[in-house]
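Quick one: this structure, given as structure tokens, is what I'll be asking you about.
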């Protein structure tokens, strides 16, 4: 996120969260073991890697040269859960954190200054974790979104209640130019930014379920050409398969982080 924004300076136009807001702008993984993480996702998703500027525990994943995700090997050191987390663009991280707290959510980390911006890790009132980012978005952000290497879906207790929460925090469906559009389609709440579907919210998760896969959470989907190939690679490199079909599979990496691979045709 911030590393790639710095790399974009001086060579391409820089997009700011002050003009683009409310939409997912990044995904990040907290892990325990960087080497295992690199090997697993390189095998499953074909990613390559480069270091970020935050230290040797932080790396950026590249797909065909495009930054697609961040990895931070801080789960043990910071006593954080191993998980994939989506980040949403906001004009003000401080204001977003205040809105979350006012509406019954919680703040786990931040806002922290991470030049050229600020970030915070939060949870909604049903416990689903998400982040916010204020500052520059690297110029390939538009490519990242158009190419749709990632897609996010919130599994929650009540989709309408969640949409109200996030709408008030992230200025969805307001009169501000550039805000995200929210509609109810096919039994789900659908979020669009610039005409593109960028997230979905569905009801049915159980707040106190012992199984974390059915508790409220944001699920990160990666669009792939070969779902079956990803499943085989995951099993060969220490991961596990939670569910699978011809067009989609839910996987778990060796550290325990859950994610979905979805066929580009389906996506």
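Any read-out appearing in this document is the output of simple, stated calculations on the displayed coordinates, not a laboratory observation. As the structure is a prediction and not an experimental result, all values here were calculated from the model. Note that we place each Cβ from the backbone using ideal geometry, even for glycine, and neighbour counts take in every protein chain shown.
Could you work out how far apart the two model spin labels at residue 42 and residue 94 are, taking each label as a point 7 Å from the Cα in the direction of the beta carbon, and quote it in nm?
4.3 nm
Sorted by packing (mean other beta-carbon atoms within 10 Å per residue), highest first, where do 120-128, 97-105 land?
The packing order, highest mean first, is 120-128, 97-105.
Going highest first, how would you order 186-195, 33-42, 202-211, 237-246 by mean Cβ packing within 10 Å?
Answer by packing, highest mean first, reads 33-42, 186-195, 237-246, 202-211.
I've got another one for you. Have a look at the DSSP beta bridges in region 2-263 and tell me what percent are antiparallel, nearest 5.
80 percent
Run the numbers on region 2-263 and let me know its relative contact order in percent, using alpha-carbon pairs under 8 Å that are six or more apart.
Relative contact order here is 21 percent.
Right, another one. Ordered by packing density, taken as the mean number of other Cβ atoms within 10 Å over each peptide's residues, highest first, how do 218-226, 88-96 rank? Before the final figure, lay out each step's value.
Numbers: 218-226: 19.3, 88-96: 21.6.
In decreasing order of mean packing, 218-226, 88-96 become 88-96, 218-226.
Could you give me D for region 2-263, from Stokes-Einstein at 20 °C and 1.002 mPa s, where the hydrodynamic radius is the Kirkwood radius over C-alpha pairs? Units µm² s⁻¹, please.
116 µm²/s
Another question, if that's okay. Simple spin-label model, 7 Å along Cα-to-Cβ: residue 264 to residue 235 in nm?
2.5 nm
Each label point is 7 Å from the Cα along the Cα-to-Cβ direction; what then is the distance between the points at residue 57 and residue 161, in nm?
So the label points at residue 57 and residue 161 sit 3.5 nm apart.
Set the Förster radius R0 to 25 Å, insert the Cβ-Cβ distance between residue 202 and residue 81 as r into 1/(1 + (r/R0)^6), and round the FRET efficiency to 0.05.
Values: r = 22 Å, r/R0 = 0.87.
According to the calculation, E is roughly 0.70.
Remind me, relative contact order of region 210-254 in percent, using alpha carbon pairs under 8 angstrom and six or more residues apart?
Details: 36 pairs, mean separation 12.6, N = 45.
RCO, region 210-254: 28 percent.
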